[in-house]
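In what follows, a structure is listed as structure tokens, so that the remarks can point back to it.
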Amino acid sequence: MGKIIETQIIVIGAGLAGYTVASKCSLLGYKVIIVEKNKNFGGVCLNYGCIPSKYFIDIAKVLEKNKYLYEKNILLNKIKFNLSNINLLKKKIIKSISLDMIKNFKNKNILILYGKAKFINKNLIEIVGKKRKVIKFKFAIIATGSVTKKIHNIPKHNNIWYSDDALKFKFIPKKFLIIGIGVIGLEIANFYKIMGSSIDILDESDLFMPFLDKDISNYFYNLTKNKFNYLINYKILSISDDLYVTSVNKSNGILFKNYYDAILIAVGRRPNVNNLGLKKIKVKFNKYKGIYINENFSTNIPHIYAIGDVIGLPMLAHKAIYQGKILAGYLNGLCNINWKTIPNIIYCNPEIAYVGLNELEAKNLNINYCSVTVPWRFIGRSYLFDYKYGLTKLIFNRNNNKIIGGVILGFNSGELLGELSLAIEMGCNAEDLSLVIHSHPTFYESISIAVDMYFDAIN
């Protein structure tokens with residue numbers, strides 16, 4: 001077996017979950033080893049997800065705003081873009097952040113091992129890289145993230161993409177099919193649309209964005225139905241080698257046929273649990289096909305833990321970071337988890353941000369709730385640059401007036417959501433929110449207006 005390296009904690013995966021828990025554990029005095037199979041740190045979020053996608057989306061917003069100003073004869077020339085330089089800057093940004101992460105580990109005396117990790121038994125892990133190493137550990141933390149879900153019977157083709165491929169932006173397809181109306185599909189669709197693609201978005205579900213209340217999903221649909229061609233409740237029948245796609249409406253049998261220059265498969269992600277030797281040591285799995293954990297992130301093997309996407313839904317970078325902090329605290333004798341305040345943001349245009357309970361969840365929990373919605377046309381700031389197509393919706397528990405959920409749809413809504421997350425976390429009621437002076441003119445003063453509407457509704 002060769003020489004065995006001993007450590008207190010080994011973390012598998014240097015994405016945001018692994019990075020956070022390793023850093024925190026080191027600060028708490030633990031001897032930590034982190035294992036990463038890729039050259040770049042940061043996992044999916046940095047390399048193929050959050051950072052590159054938001055980089056492209058921010059560029060799209062600038063282009064869209066300039067288009068609006070050009071149409072109003074304020075800008076006299078159309079803005080042109082250089083795709084190859086856009087990609088070049090993306091790579092520089094990713095590399096810079098990755099190097100900062102590596103530097104931080106070295107400053108904390110965390111040992112970095114490059115290679116693929118696999119459990120030999122419940123106390124030993126082998127690392128296969130340039131050289132094979134065996135690690136004996138007190139605690140192991142699995143933070144290997146997620147991988148894209150595949151669709152069966154899809155032909156291999158250079159222009160049939162998954163999210164990793166789409167974010168390389170090799171070219172802008174004239175006709176683009178996106179399979180899956182979820183976060184990934186909508187975010188990528190927005191960028192390619194502003195760059196010039198004509199986009200069809202197909203989904204097998206008979207509901208449009210079922211994770212949102214119907215009033216919100218209907219509002220978003222009506223705002224964007226002229227931007228994208230939505231094919232709801234459609235199933236793919238065939239895709240030819242030249243990307244001729246035949247699909248059928250599952251309700252009425254109507255066929256839809258079209259040629260495409262590129263196709264994106266955006267049907268979600270699954271936990272990355274393969275090739276870790278987990279079945280060998282009899283780690284249990286959950287309904288998401290991720291690693292089963294208890295309330296303290298421990299697997300059925302008490303000294304082996306799992307955090308982040310590898311445990312299943314919701315697959316969110318900020319959830320992974322939060323779990324890393326909590327697990328480090330738990331190993332040091334502290335634990336405090338509040339799942340009700342995990343925020344969700346879809347970075348499309350307009351953005352959709354939500355936190356806490358929606359109406360259906362409140363109804364299922366038999367909560368006596370009241371919801372109020374403020375269209376953004378009621379706030380002056382929204383008329384600048386045509387941002388009036390937005391809304392703020394708050395949900396309150398009528399029995400105690402506490403805020404239990406909220407949705408903000410519109411420009412920069414992801415940043416505006418912070419007040420609602422804090423209010424729910426702290427157990428604020430409507431009276432508390434009404435005492436907050438909201439600046440004018442701003443988008444977040446819509447929260448103040450919504451509170452006033454709630455008082456009107458219950459009195």
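Summary of computed values
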quantity	calculated
Proximal aspartates and glutamates relative to K65, as straight alpha-carbon distance under 12 Å, when same-chain residues fewer than 8 apart are discounted	D386
Per residue accessible area of the chain, 1.4 Å probe, in Å²	50
Portion, in percent, of the accessible area of the stretch 204-260 that falls on carbon or sulfur, probe 1.4 Å	49
Hits among aspartates and glutamates - C-alpha to C-alpha of K80 under 12 Å, sequence gap 8 or more where chains match	E64
Relative contact order of the chain, pairs being alpha-carbon contacts under 8 Å that are 6 or more residues apart, as %	14
Whether the stretch 59-119 is rounded, prolate or oblate, judged on the alpha carbon gyration tensor where a/c under 1.5 counts as rounded	prolate
Accessible-area composition of the stretch 318-459, carbon plus sulfur, in percent [1.4 Å probe]	53
Mean separation of Cα contacts under 8 Å (6+ apart) over length of the stretch 244-369, as relative contact order %	12
Nearest-ten-degree value, helix 83-107 long axis tilted from longest Cα axis of the chain	40
Over the chain: helical MRE at 222 nm, DSSP H runs n ≥ 4 each giving -39500 (n - 2.57), nearest 500	-10000 deg cm²/dmol
Rounded to 10°, Cα long-axis angle of helix 214-224 versus longest principal axis of the chain	70
Where N is the number of residues in the stretch 8-146, Cα Rg divided by 2.2 N^0.38 Å	1.43
Listed pairs K54/K156; K91/K170; K193/K393; K174/K388; K39/K130 exceeding 18 Å between Cα atoms	K54/K156; K193/K393; K174/K388
Calculated SAXS-style log₁₀ I(q)/I(0) at q = 0.13 Å⁻¹ - the stretch 284-383, Debye, Cα scatterers	-0.67
In the stretch 223-327, lysine pairs closer than 19 Å at Cα, eight or more apart or cross-chain	7
Principal axes of the stretch 238-283: Cα extent on each, largest first, Å	49, 27, 15
Distance between the stretch 366-393 and the stretch 91-152 - C-alpha centres, whole angstrom	44
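The values are calculated or read from the model by the stated rules, or taken from the named source; none is laboratory data. The shown structure was predicted, so the numbers you read here are calculated from the model rather than taken from an experiment. Remember, those area values only see protein heavy atoms, side chains included, never the ligands or the DNA or RNA. Shrake-Rupley method; radii C 1.70, N 1.55, O 1.52, S 1.80 Å.
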